[in-house]
Amino acid sequence: MAISPAEFRERALHWAAQFRYCAYYEPSGLAYPHESFEQLLAVRQTETVAPRSLEELRTWLQHPTTAPRCGFLTYDLKNEVEALSSSHFDGIGFPALHFFEPEIWLYWHGTEVEIHGPPTVLDEILTCVPTEISQPSIQGIQARLPKHEYLAAVASIREDILDGEVYELNLCQEFYAEHVALEPVDTFLRLNRISPTPFAGFYKWQDRYLLCASPERFLRQDGDTLLSQPIKGTIRRGDTPAQDEQLRQQLLHDEKERAENLMIVDLVRNDLARVARTGSVQVPELFGLYSFRHVWQMISTVQARRHPAHDFVDLLRATFPMGSMTGAPKIRAMQLIEQYERTRRGLYSGSLGYIWPNGDFDFNVVIRSLQYNKVNGYLSFQVGSAITYDSVPEHEYEECLLKAKALLAVLGTNIP
């Protein structure tokens, strides 16, 4: 049976979504500094004892394997990394972290696919013909933090900055709908078409789903080289080539955006220095500008060589959550985030990734993503921006809506 690579991917994802656990990583064919995600699909049906904490994860990773380990870290894992807590509402219900070793996995090399599993897998995928489903039109999108409360929060954070509490704080807000019937695979594929990104992913944990269109890398290890690429600085794309270039130049020379980016680069440098060989932390690119379908992003690259005494869990304890989603200084920023936000972030501001058998790994920053609980029909997405003293509340709100543009288009709705 001859089918296109796109149709094979669609059938493979629908087949994979029947399993209890499913992880898919999508590079979207995009060139990216230091490469994008590998294209990888992994599934598991059998229930096993999965790690529920960082220390359990450390033990679990010590067992040898020939398969990639797939998993996620939610933002609330911060409560294990630091003496923090969360008491806000959570409509999705992901565990703090989840990893699994796949029973079957597929690994793409361009248009060729390695299938690691029983010989029946290919036929099962090819005969999995998805039902045609029309684009959803989600009604009743609500803001957990109404606009006037968001604007007041930004004003209060500016006062906190003036008082020396923080230099920068990433304030996020949730938009949600209830009793939603959504087809997760079709919705993810539609999101990937509307907003292709280098660190996209689809994850199923029982009846909870993450549909992710992330442009940002959290942390990668290749040999003993560690790489983090924080994003800070966003502007919309132009309608014409001339306007697009004018907006790119505007972002490049925006002192507020450059200051935000530099503060987070310094934070990442300090985080990596805790687990790196002395003197190995470098910044090979500062204020790089990269275009995506809807926005220009300012991306910097921080690199280091891992100290051999530190393992994967040590790296997480030093660097998670990522500074681009918290602020600086990190711990005080997270305390204030709990004060100003109205919902748990869940997988938003967390990370999705994979660990190869040799210990190399790649993890993204979960942004521009939908979270969906199929049991209760709760659908959620969150967007945010970095608040500094120079922030204009209305402008920060507009930046949040810009980041939500692709998600709203996929859902066929608008924010009231």
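The values are calculated or read from the model by the stated rules, or taken from the named source; none is laboratory data. All values derive from a computational prediction rather than experimental measurement. As a convention, Cβ positions derive from the backbone with ideal geometry for all residues, glycine included, and neighbour counts pool all protein chains shown.
Applying the condition of being within 18 Å of Pro130 (Cα to Cα) and among the basic types (Lys, Arg) to the stretch 4-40 and asking which residue is surrounded by the fewest Cβ atoms within 10 Å (Cβ to Cβ) yields Arg11. The test for being over 30 Å from Ala17 (Cβ atoms), β-branched (Val, Ile, Thr) and in contact with a Pro (Cβ under 6 Å, 6 or more places away or on another chain) does not hold for Ile235.
Taking the condition aromatic (Phe, Trp, Tyr) and modelled with pLDDT under 95, does Tyr25 pass?
So Tyr25 does not fit the description; no.
Among the residues of the stretch 16-51, just one is part of a strand (DSSP E or B), under 20 Å from Phe292 (Cβ atoms) and among the charged types (D, E, K, R), namely Glu26. The residue of the stretch 296-332 that is surrounded by the most Cβ atoms within 10 Å (Cβ to Cβ), among those that are assigned to a strand (DSSP E or B) and of a type outside the set (A, V, I, L, M, F, W, C), is Gly327. Just one residue in the set Ala242, Ala213 is surrounded by fewer than 17 Cβ atoms within 10 Å (Cβ to Cβ) and either in contact with a Phe, Trp or Tyr (Cβ under 8 Å, 6 or more places away or on another chain) or aliphatic (A, V, I, L, M) (or both); that residue is Ala242.
The rows are residues; the columns are (1) over 26 Å from Leu227 (Cα atoms); (2) without any contact (Cβ under 8 Å) to a residue 60 or more places away in the chain.
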site: Gly29; (1), (2): no, no
site: Gln45; (1), (2): yes, yes
site: Glu55; (1), (2): no, no
site: Trp60; (1), (2): no, yes
site: His63; (1), (2): no, yes
site: Leu77; (1), (2): no, no
site: Glu80; (1), (2): no, yes
site: Ala83; (1), (2): yes, yes
site: Phe89; (1), (2): yes, no
